[in-house]
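For reference, the structure is listed below as structure tokens.
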Amino acid sequence: METRWVLLVLTLLCMGSCSFFSTASSASLLFPIGAAVFGLACVVAFVSDRISSVSRGDSALMTDPETLKLLGERARAAAARNSQAQSPVAKPAAPEDSGNAR
């Protein structure tokens, strides 16, 4: 049995025990605290399992052909932008003064 399911069972047992042992002083303090702690741990365990089931490693990212194609296109576009920014910009020609001949 996986840890997240054990935590879920413990959480439910603590929550159920809160109703039955509400008159005992130590149980009335421990069971709600246990339910809160086990409940939080249960949520973290389920979220962690969900994230790990859908995430891919870095090696899978780099071997995916579609991702490599997209990264290559972005690199070529960035190189084109950088080469255009570094090339000298042609200055407009000064207007010729054809009306004032001396």
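The values are calculated or read from the model by the stated rules, or taken from the named source; none is laboratory data. These figures come from a predicted structure and were not determined experimentally. Virtual Cβ from ideal backbone geometry, glycine too; neighbours counted across all protein chains shown.
Condition test on residue 49, is it surrounded by 10 or more Cβ atoms within 10 Å (Cβ to Cβ), of a type in the set (Asp, Glu), at pLDDT 85 or above and within 21 Å of the chain's Cα centre (by Cα)? Against the criterion (surrounded by 10 or more Cβ atoms within 10 Å (Cβ to Cβ), of a type in the set (Asp, Glu), at pLDDT 85 or above and within 21 Å of the chain's Cα centre (by Cα)), residue 49 qualifies.
Candidates are the residues of the stretch 1-46 that are surrounded by fewer than 15 Cβ atoms within 10 Å (Cβ to Cβ) and hydroxyl-bearing (Ser, Thr, Tyr); the one that is modelled with the highest pLDDT is 3.
Taking first residues from the stretch 63-86 that are hydroxyl-bearing (Ser, Thr, Tyr) and partners that are at pLDDT below 85, the Cβ contacts under 7 Å between residues at least 6 apart in sequence or on separate chains come to 67/61.
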